[in-house]
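Engineer: Below is a structure I'd like to ask you about.
The values are calculated or read from the model by the stated rules, or taken from the named source; none is laboratory data. Quick caveat: nothing in here was measured; it's all calculated off a predicted structure. Reconstructed Cβ throughout: ideal geometry from the backbone, glycine too, with neighbour counts over all protein chains shown. Ligands, DNA and RNA are excluded from the accessible area calculation, which covers all protein heavy atoms including side chains. Shrake-Rupley method; radii C 1.70, N 1.55, O 1.52, S 1.80 Å.
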Amino acid sequence: PHWHGHTEDQVSGGMAGAIIVKGDIDELPGIKDLPERLLVLTTQNSTDNNPDTPVRLVNGQLQPTLQIRPGEVQRWRILNASADDFYNFAIDGQEFFIIS
């Protein structure tokens, strides 16, 4: 919380980011050597400033393509840096494990 009361405006304008905290879990077998991705999800106002048509971005990109080999396991660090949006994740036929 910030005393100035403009946090939502700042986050909606893209002023948000991730801080990665590492610890013992990062050294566990099955996690330690996985390829890792940081996915920062943001929602910004559309270019026509219409709040009814938000633009949802991943790492600042609109509809990016992520590369992964068949059968590969990756560790995804996902940050919802949107001011007002919630996300439900699913990829058909894939299983997710939430670490924290």
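Engineer: So if we plug the beta-carbon distance of H6 and L66 into 1/(1 + (r/R0)^6) with R0 = 41 Å, what FRET efficiency do we get, rounded to 0.05? Could you put the intermediate results ahead of the total?
Structural biologist: Values: r = 33 Å, r/R0 = 0.80.
With a Förster radius of 41 Å, E is 0.80.
Engineer: If one computes the Cα centroid of the range 58-82 and of the range 1-32, what distance in Å separates the two points?
Structural biologist: Here the answer is 16 Å between Cα centres.
Engineer: Same structure, new question: Leaving out ligands, DNA and RNA, what percent of the accessible area of the chain is carbon and sulfur, probe 1.4 Å? Show your work: numbers first, answer last.
Structural biologist: Numbers: 4340 of 8260 Å².
Carbon-and-sulfur percentage of accessible area, whole number: 53.
Engineer: Loop sites only, by DSSP: take the GluC sites (Glu not before Pro) in the chain that have at most 11 other C-beta atoms within 10 Å and name the longest stretch containing none of them.
Structural biologist: Working: sites that count: E72, E95.
Longest run free of exposed loop sites: 1-71.
Engineer: When only Cα pairs under 8 Å and 6 or more residues apart are kept, what is the percent relative contact order across the chain?
Structural biologist: Values: 101 pairs, mean separation 30.0, N = 100.
Relative contact order for the chain comes out at 30 percent.
Engineer: Name the residue farthest towards the positive end of the dipole of the chain from the options L39, G71, P54, assuming +1 on Cβ of Lys and Arg, -1 on Cβ of Asp and Glu, about the Cα centre.
Structural biologist: With unit charges placed on the Cβ atoms, the residue in question is G71.
Engineer: Taking R0 as 35 Å, what's the FRET efficiency between K22 and N45 from their Cβ-Cβ distance, rounded to 0.05? Before the final figure, lay out the partial values.
Structural biologist: Working: r = 34 Å, r/R0 = 0.97.
Computed FRET efficiency for K22 and N45: 0.55.
Engineer: Using the basic label-point model (7 angstrom from Cα toward the beta carbon), what is the L34 to Q94 distance in nanometres?
Structural biologist: Here the modelled spin labels are 1.2 nm apart.
Engineer: Let me ask another. Let me see the P(r) profile for the chain: every Cα-Cα distance counted, bins of 10 Å, each bin given as a percent of all pairs.
Structural biologist: 12, 38, 32, 15, 3
Engineer: Divide by every residue of the chain the summed helix terms, -39500 (n - 2.57) for each DSSP H run of at least 4, and state the resulting mean residue ellipticity at 222 nm, rounded to the nearest 500 deg cm²/dmol.
Structural biologist: Values: 1 runs with 6 residues, N = 100.
Helix contribution divided over all residues of the chain: -1500 deg cm²/dmol.
Engineer: State in Å² the accessible area per residue of the chain; use a 1.4 Å probe, count heavy atoms of protein chains only, and round to the nearest integer. Working shown, then result.
Structural biologist: Numbers: 8260 Å² over 100 residues.
Heavy-atom SASA per residue in the chain reads 83 Å².
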